[in-house]
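Novice: Below you will find the structure I want to go over with you.
The values are calculated or read from the model by the stated rules, or taken from the named source; none is laboratory data. This is a predicted model, so every value here is computed, not measured. Don't worry about glycine lacking a Cβ; one is built from the backbone with ideal geometry, like all the others, and counts go over all protein chains shown.
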Amino acid sequence: MSTFKSKVSITHIGTATAILEIDGITFLTDPFFSPAGTGFEFAGQILKVHDNPALKMDQLPHIDAVLLSHENHADNLDPLGRQLLDGRRVFTTVDGAKNLAPRPSVIGLKDWEQREVRIAGKIFTITATPCKHWPGHECVGFIVHTDDFGVAADGKPNAIYFTGDTVYVPELARMADKYHIVIALMNLGKATFDDLQITMCGRQGARLFRDIKADVLVPMHHESWDHFKQQEPELAKEFREEGVLDSVRWPKPGVSLQLN
């Protein structure tokens, strides 16, 4: 990260919800703010969240933009989180943008589609990345880049990557051809329904981390739900076995993790 020129912090709130602060500009990932014990129907089951969010909505700083991997799963966007979308710039899937209409600031992106936008006075390029999540449902991750990040030693522009909900996808390795990924914010936990795995385990996360040649891995989305089959101890074990544990920074709920 020696060539990275911006000040970045991540504050994990719970599940896949985090504040990504870049030089004072705040992005929020996958807004979920329901209290412990709240249940949601999904795939014929009732899923209950077991932990309160580390920050309530009225404790949030000003949010400049939202990175929404998908809008149709309640553990990534609950009814409370939907309230945050109104009047804010939101990046999500094409189907998601249609379902969230009429909100004029919601932008739907296809895989690898880029959009250059001005957010709080700074020009960002947002790139949607492929996800393999629930069959037949759209989901995307995001690469966030601004020229203020600087350029890596290999000449590639520095960037930050948020995986969204996905299992390992070999195609994601191609981002390393264009960007130097300084921080990879990963949704993990090996979320599983019956025999269908829908988010990465530790080994898959480590493999993707190596594929994209990232500097720092920040895990989240591995606590609070029974369908998450790996928590921090299991993830740490697999990270250690895969040789990436020294590159991992574990966020503490509600505490700003300074990364540069």
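Novice: Name every residue in the stretch 34-82 that is touching a Pro at 6+ places or on another chain (Cβ under 8 Å), among the hydrophobic types (A, V, I, L, M, F, W, C) and surrounded by fewer than 22 Cβ atoms within 10 Å (Cβ to Cβ), in order of residue number.
Specialist: Hits for the stretch 34-82 are Ala54, Leu80.
Novice: When Ser9 is evaluated against the numbered criteria (1) under 24 Å from Phe193 (Cβ atoms); (2) within 16 Å of the chain's Cα centre (by Cα), which criterion, by number, is the only one it fails?
Specialist: Tallying (1) under 24 Å from Phe193 (Cβ atoms); (2) within 16 Å of the chain's Cα centre (by Cα), Ser9 fails exactly one: (1).
Novice: Here is a check on your reading of the model: is Gly87 more than 29 Å from Leu217 (Cβ to Cβ) and either surrounded by fewer than 22 Cβ atoms within 10 Å (Cβ to Cβ) or touching a residue at least 12 places away in the same chain (Cβ under 8 Å) (or both)?
Specialist: Details: more than 29 Å from Leu217 (Cβ to Cβ): yes; either surrounded by fewer than 22 Cβ atoms within 10 Å (Cβ to Cβ) or touching a residue at least 12 places away in the same chain (Cβ under 8 Å) (or both): yes.
Yes: the conditions hold for Gly87.
Novice: Within the stretch 93-114, can one find any residue that is in contact with a strand residue (DSSP E or B) (Cβ under 8 Å, 6 or more places away or on another chain), touching a residue at least 24 places away in the same chain (Cβ under 8 Å) and crowded, with 22+ Cβ neighbours inside 10 Å?
Specialist: yes
Novice: Continuing with the same structure: Residue pairs, Cβ under 9 Å, 6 or more apart or interchain, first in the stretch 1-28 and surrounded by fewer than 22 Cβ atoms within 10 Å (Cβ to Cβ), second charged (D, E, K, R) and outside any loop (DSSP other than H, G, I, E, B). List them.
Specialist: Correct list of pairs: Lys5/Asp148; Ser6/Asp148; Lys7/Glu21; Val8/Glu21; Ser9/Glu21; Asp23/Lys122; Asp23/Asp148; Ile25/Lys122.
Novice: Here's another thing I want to ask about it. Please go through the stretch 186-231 and pick out each residue that is over 16 Å from Thr29 (Cβ atoms), part of a loop (DSSP other than H, G, I, E, B), hydrophobic (A, V, I, L, M, F, W, C) and in contact with a helix residue (DSSP H, G or I) (Cβ under 6 Å, 6 or more places away or on another chain).
Specialist: Ile212
Novice: Out of all the residues in the stretch 10-51, which are more than 19 Å from Gly164 (Cα to Cα) and outside any loop (DSSP other than H, G, I, E, B)?
Specialist: Listed by number, the residues that qualify are Ile25, Gly39, Phe40, Glu41, Gln45, Ile46, Leu47, Lys48.
Novice: Does Ile160 meet the test of being surrounded by 14 or more Cβ atoms within 10 Å (Cβ to Cβ), over 25 Å from Ala74 (Cβ atoms), touching a Leu at 6+ places or on another chain (Cβ under 9 Å) and not acidic (Asp, Glu)?
Specialist: The answer is yes for Ile160.
Novice: When the residues of the stretch 26-82 are filtered to those that are in contact with an Asp or Glu (Cβ under 6 Å, 6 or more places away or on another chain) and among the small types (Gly, Ala, Ser), which remaining residue is nearest to His145 (Cα to Cα)?
Specialist: Selected residue: Ser69.
Novice: So which of Met186, Met220 ends up being surrounded by 24 or more Cβ atoms within 10 Å (Cβ to Cβ), in contact with a His (Cβ under 7 Å, 6 or more places away or on another chain) and of a type in the set (A, V, I, L, M, F, W, C)?
Specialist: Values: Met186 fails: in contact with a His (Cβ under 7 Å, 6 or more places away or on another chain).
Among Met186, Met220, only Met220 is surrounded by 24 or more Cβ atoms within 10 Å (Cβ to Cβ), in contact with a His (Cβ under 7 Å, 6 or more places away or on another chain) and of a type in the set (A, V, I, L, M, F, W, C).
Novice: Follow-up question, since we're still on this one. Only one residue in Asp165, Asp154 is buried (at least 23 other Cβ atoms within 10 Å of the Cβ) and among the acidic types (Asp, Glu). Which one? Lay out the reasoning, then the answer.
Specialist: On the way: Asp154 fails: buried (at least 23 other Cβ atoms within 10 Å of the Cβ).
Going through Asp165, Asp154 in turn, just one is buried (at least 23 other Cβ atoms within 10 Å of the Cβ) and among the acidic types (Asp, Glu): Asp165.
Novice: A further question follows. Taking interchain pairs and intrachain pairs at least six residues apart, which have beta carbon atoms under 8 angstrom, with the first residue in the stretch 208-231 and under 14 Å from Ala176 (Cβ atoms) and in contact (Cβ under 8 Å) with a residue 40 or more places away in the chain and the second in a loop (DSSP other than H, G, I, E, B) and among the β-branched types (Val, Ile, Thr)?
Specialist: Filtered contacts from the stretch 208-231: Leu208/Thr163; Leu208/Val169.
Novice: Same structure again: Could we say that Ile19 is touching a His at 6+ places or on another chain (Cβ under 9 Å), within 20 Å of Ser256 (Cβ to Cβ) and either among the hydrophobic types (A, V, I, L, M, F, W, C) or modelled with pLDDT under 95 (or both) here? Full working, then the answer.
Specialist: Working: touching a His at 6+ places or on another chain (Cβ under 9 Å): yes; within 20 Å of Ser256 (Cβ to Cβ): yes; either among the hydrophobic types (A, V, I, L, M, F, W, C) or modelled with pLDDT under 95 (or both): yes.
Yes.
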